[in-house]
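The values are calculated or read from the model by the stated rules, or taken from the named source; none is laboratory data. No experiment lies behind these values; they were computed from the predicted model shown. As a convention, Cβ positions derive from the backbone with ideal geometry for all residues, glycine included, and neighbour counts pool all protein chains shown. Protein only, heavy atoms only, side chains kept; ligands, DNA and RNA dropped before computing areas. Shrake-Rupley method; radii C 1.70, N 1.55, O 1.52, S 1.80 Å.
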Amino acid sequence: MGDNQHMTDLPTAGDSGWSDPDTLGAIPPVIAMTYCARCGTSASKGNHVLCRQQLATEPPIHCTTCRRTLAVDRSGSDWTATCKKHGQTTGTLTSA
Ligand SMILES: [Zn+2]
Ligand SMILES: [Zn+2]
């Protein structure tokens, strides 16, 4: 008695292709980013959610490749950030 084990009630992960609502749409494809453009620490460590939010309204501070401080030139909502080693990056800020 009691030999019947019913272990099939647990839902199996990965069968429904669910999507994380936080990643829908807004986030552009990320190209190998080593450092956080905002705080300059390793992009793969820690939490940079706030950094990303700020990068929508403020130009980046650090080169994502070498972590150097960028020379930022800003006019209106457009910015040009120059790394001595990696050249220019341009972008447009989202004005809230
Ligand atoms: Zn950061
Ligand atoms: Zn650089």
Problem - Failed condition for Gly40, given (1) modelled with pLDDT of 95 or more; (2) away from ligand 1 (no atom under 16 Å from the Cβ) - result: (2)
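Does the range 37-52 contain any residue that is within 12 Å of ligand 2 (Cβ to nearest atom) and surrounded by 11 or more Cβ atoms within 10 Å (Cβ to Cβ)?
Taking the range 37-52 and keeping what is within 12 Å of ligand 2 (Cβ to nearest atom), we get 37, 40.
Of the ones still in play, those that are also surrounded by 11 or more Cβ atoms within 10 Å (Cβ to Cβ) are 37, 40.
So far as the range 37-52 goes, yes, one or more of its residues are within 12 Å of ligand 2 (Cβ to nearest atom) and surrounded by 11 or more Cβ atoms within 10 Å (Cβ to Cβ).
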Practice task
Determine whether the range 13-21 contains at least one residue that is in a strand (DSSP E or B), at pLDDT below 95, open to solvent by 70 Å² or more (accessible area, probe 1.4 Å) and not charged (D, E, K, R).
Solution key: no
Exercise for the section: Answer yes if at least one residue in the range 57-67 is open to solvent by 70 Å² or more (accessible area, probe 1.4 Å), within 10 Å of ligand 2 (Cβ to nearest atom) and not in a strand (DSSP E or B), and no otherwise. Expected result: yes
Exercise for the section: Identify the single condition in (1) surrounded by 11 or more Cβ atoms within 10 Å (Cβ to Cβ); (2) modelled with pLDDT under 80 that Val72 does not satisfy, given that it satisfies every other one. Expected result: (2)
Exercise for the section: Please give the number of the condition Ser95 fails out of (1) open to solvent by 90 Å² or more (accessible area, probe 1.4 Å); (2) at pLDDT 95 or above. Expected result: (2)
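How many residues does the range 75-92 contain that are within 11 Å of ligand 2 (Cβ to nearest atom) and either surrounded by 15 or more Cβ atoms within 10 Å (Cβ to Cβ) or not basic (Lys, Arg) (or both)? Steps first, answer last, please.
We begin by selecting, within the range 75-92, every residue within 11 Å of ligand 2 (Cβ to nearest atom); these are 81-89.
Restricting the remaining residues to those that are either surrounded by 15 or more Cβ atoms within 10 Å (Cβ to Cβ) or not basic (Lys, Arg) (or both) gives 81-83, 86-89.
Result for the range 75-92: 7.
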